[in-house]
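The values are calculated or read from the model by the stated rules, or taken from the named source; none is laboratory data. Nothing here was measured: the structure is a model prediction, and the numbers come from that model. Cβ placement follows ideal geometry from the backbone for every residue including glycine, while neighbour counts extend to all protein chains displayed.
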Amino acid sequence: MSHEILTENLGLTDKEAAVYLSLLELGSSSIKPIAARAGLRRTTLYYFIDHLVELGLVEKTRTGGRNRYIAKPPEELILLQQRRLGALKDALPQFASLYNTSTQKPRISYFEGVEQMKAVLWEETKCHQNIWGIWSGEEVAELFGPELLSEVDAARRQKGVHVQVVRIPEKDEPFSTFGEHDRSNRELRYAPAGTVFPLAFTLYDTGKVGIMSSKKEGFGILIESAELFAAMKTLFDAFWNLARPAV
């Protein structure tokens, strides 16, 4: 029940909930015991525990040259929800300005910070047949981490959605899900050497154009516009023809 409350009401992932509950039981602990109790690999645990620190649910200290972690009191869960509600109330005017009931005008959604930017990434799972994108693998991996990228990519592959992606060779990062088994659903090309492309740009067959900045600027945008989509698809096709196929 505690696990379900954390995931369904507080929006934590299954693994984040497992880490927080483990820390409640362990008290102050180093990484190894937390990983063992939560059933996670130590290499992936850091991603989840760092997010819990950001949320204010876990405190990180350094003792004897090693990091130690301790869960904040459960009352902090209520404070987290109150902070989120306050932030939502503050943002309502911005949301109202974005809301547009007219089908003739574009819909523009703006996301700030890594957590909100995940909405742009998850748009992949809403597609039906095709995705087209230009990505810096290094920037995207730094933003979201391998665990989330693998989860989204697995959902895409399960739906049989085909993706054409141009990556920047000087800033490429191999992802574990991009293997032989996926070649039927993915075409990969590399941009010409020296290409500078600091944003991740994606076209979804939901009719939306997605833009994600690097972690430095930390913003994402989803734009639903038939005219913009058509224009950006033309630009993508031109760039695709310039790019070299991956070997």
Select from region 54-86 the residues that are of a type in the set (D, E, K, R), under 24 Å from the mean Cα position of the chain (by Cα) and either assigned to a helix (DSSP H, G or I) or crowded, with 16+ Cβ neighbours inside 10 Å (or both) and list them in ascending order. Glu54, Arg83, Arg84
Somewhere in region 136-145, is a residue among the small types (Gly, Ala, Ser) and under 30 Å from Glu25 (Cβ atoms)? yes
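The rows are residues; the columns are (1) over 18 Å from the mean Cα position of the chain (by Cα); (2) without any contact (Cβ under 8 Å) to a residue 24 or more places away in the chain.
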{"position": "Ser28", "(1), (2)": "yes, no"}
{"position": "Pro33", "(1), (2)": "yes, yes"}
{"position": "Tyr46", "(1), (2)": "no, yes"}
{"position": "Ile49", "(1), (2)": "no, no"}
{"position": "Leu52", "(1), (2)": "no, no"}
Restricting attention to region 203-217, the residues that are over 13 Å from the mean Cα position of the chain (by Cα) and modelled with pLDDT under 90 number exactly 2
Considering only residues that are of a type outside the set (D, E, K, R) and touching a strand residue (DSSP E or B) at 6+ places or on another chain (Cβ under 7 Å), look in region 144-168 and name the one that is nearest to Gly194 (Cα to Cα). Val166
Hey, among the residues in region 1-26 that are hydrophobic (A, V, I, L, M, F, W, C), over 24 Å from the mean Cα position of the chain (by Cα) and at pLDDT 85 or above, which one's nearest to Glu76 (Cα to Cα)? Leu24
Within region 89-130, can you find the residues that are of a type in the set (S, T, N, Q), modelled with pLDDT under 75 and part of a helix (DSSP H, G or I)? Ser97
Just to verify a result, which residue in region 178-196, among those that are part of a loop (DSSP other than H, G, I, E, B) and at pLDDT below 80, is surrounded by the most Cβ atoms within 10 Å (Cβ to Cβ)? Phe178
